[in-house]
1. For residues that are without any contact (Cβ under 8 Å) to a residue 40 or more places away in the chain and of a type in the set (Gly, Ala, Ser), scanning just region 180-199, find the one that is farthest from Ile257 (Cα to Cα).
2. Quick one: which of Ala97, Ala135 is in a loop (DSSP other than H, G, I, E, B) and small (Gly, Ala, Ser)?
3. What residue, among those in region 105-148 that are more than 23 Å from the chain's Cα centre (by Cα) and free of Cβ contacts under 8 Å to residues at least 40 places away in the same chain, is surrounded by the fewest Cβ atoms within 10 Å (Cβ to Cβ)?
4. Please find, among Arg155, Arg202, Arg177, the residue that is assigned to a helix (DSSP H, G or I), in contact (Cβ under 8 Å) with a residue 24 or more places away in the chain and on the phi < 0 side of the Ramachandran plot.
5. From the list Val184, Val211, exactly one residue is crowded, with 18+ Cβ neighbours inside 10 Å and more than 13 Å from Asp238 (Cα to Cα). Which is it?
6. Filter the strands (runs of 3 or more DSSP E) completely within region 266-346 down to those with at least 2 residues that are touching a Leu at 6+ places or on another chain (Cβ under 7 Å), at pLDDT 95 or above and surrounded by 23 or more Cβ atoms within 10 Å (Cβ to Cβ).
7. Consider Asp70 carefully, then state whether it is closer than 30 Å to Ala251 by Cα and surrounded by fewer than 22 Cβ atoms within 10 Å (Cβ to Cβ).
8. Of Phe99, Phe60, which residue is surrounded by fewer than 23 Cβ atoms within 10 Å (Cβ to Cβ), among the hydrophobic types (A, V, I, L, M, F, W, C) and either within 27 Å of the chain's Cα centre (by Cα) or within 20 Å of Ala392 (Cα to Cα) (or both)?
Amino acid sequence: MTTKLVLALSGHGANDAILGMIADYSDAIQTVGLSVVQISLDPAELQYAFGQIKSGNVAFALTWLGIGQDLSADGRQTNLWEVSRIPLLKLHGDHPAYFAARHSDTPRNSVNFYVASEFIAHRRKWLPEACALTALLPPMPLAPLEKAEVTSKSRRNGKLVFLKNGNDPKQLRTAWRERLPHAVANLLNELAEQITPIGLKRGLLQIADFVAAFLERRGIDPNSARYFIPFFTAQMDDYLRRLKSEMIAGALLDLPIVVQGSNWEHVDFTGRRAQLLPGQDFDHSKRIFTDQLGVIDMSPNLDSAPHERVMRAAGNYSLVLTNHQTWLGHSLPGFDELMFDFNPDSIAARASDVIAHPDRYLELALSFGDAFRARYPRERVGDAMVDMAELAVLQWSPEKPIIQPFFVW
């Protein structure tokens, strides 16, 4: 496999984030000696990819959220990846309740890589018909910067930035009321009330399991409501994210920080010290990590793995403040000063302490970057992809090696 190349497929997403993430994970593959070719869905680039595939030069392909999973072979109905026997590694950074078709067994020789064990648990329990190879993708420092390149002076004079698009939780509830049957809207509103105090606490939350238990308490057999489980799960996941982002922004309005992103019309910044700036594309936002005092992060309802912004901060030796998560306390102990709880006082206190003592926190950021890199080397991600690709090749190959006479594939 090491003599072949890898095709990395990217499409278009908000702020070019998909393109940026594919580039980061392509770099991780290159650390283990494979060449990677970036391919968009532009016809000319696809033709180049088809030529490489036909020539037998491709070891596997990499994509984000299943982009390109439906490509056909020579315009026929047959799936390109299945016909060519090339595994398609699909990286999923979000919950399987979103874009469920992208988590399906298309192609059959795909590998679904998830960034958190919560997502794999959901897939196993609530998508039992999905049987493509599935694996946990190790964390890694993103867009790594050499420590010698860190510009501490500019960071000390920079600001804390909450790099996040906003969304109004009340607006979501309004959408439930206006667009859904009355009984369904009532169920969602009651579910939102019950999940909120749990979702704001520390610790693991399997949202779909919470939804199932809620339905069972209402006398509805959750196994008979599997059609609705992903819908209710997606609604609660989105609702909790909206609540949390609104809470963080609201807690910081009277501090000299920056909120950078779109869809913040529901928060009034008039006359407040916090500054609202429009969102930027992926490349421009990288400068926040290199030049500003630090980034304020919120985990997307995960407890077992780091969010993308945490991995990017580790790669840049940047300061990152994030909510308490079990993975951080267990895997990288000693960094409690980087964490806050989901209540306004805790959020404001942590940010205020950073603003009052920037040098101490910038030193902590350097230590965090070192510890994260030691715990999660990028090569481990490349190795995991190669290993799973080889497993997929063997699984779908009609020719199997004979090891013992008594085992038949």
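The values are calculated or read from the model by the stated rules, or taken from the named source; none is laboratory data. Fair warning: this is a prediction, and the values are worked out from it, not measured in the lab. All Cβ positions, glycine included, derive from the backbone under ideal geometry; neighbour counts span all protein chains shown.
1. So the residue we want is Ala183.
2. Ala97
3. Among residues in region 105-148 that are more than 23 Å from the chain's Cα centre (by Cα) and free of Cβ contacts under 8 Å to residues at least 40 places away in the same chain, the one surrounded by the fewest Cβ atoms within 10 Å (Cβ to Cβ) is Ala148.
4. Arg155 is the lone residue from the list that is assigned to a helix (DSSP H, G or I), in contact (Cβ under 8 Å) with a residue 24 or more places away in the chain and on the phi < 0 side of the Ramachandran plot.
5. Answer to the check: Val211.
6. 294-296, 320-323
7. Details: closer than 30 Å to Ala251 by Cα: no; surrounded by fewer than 22 Cβ atoms within 10 Å (Cβ to Cβ): yes.
Answer is no for this residue.
8. Phe99
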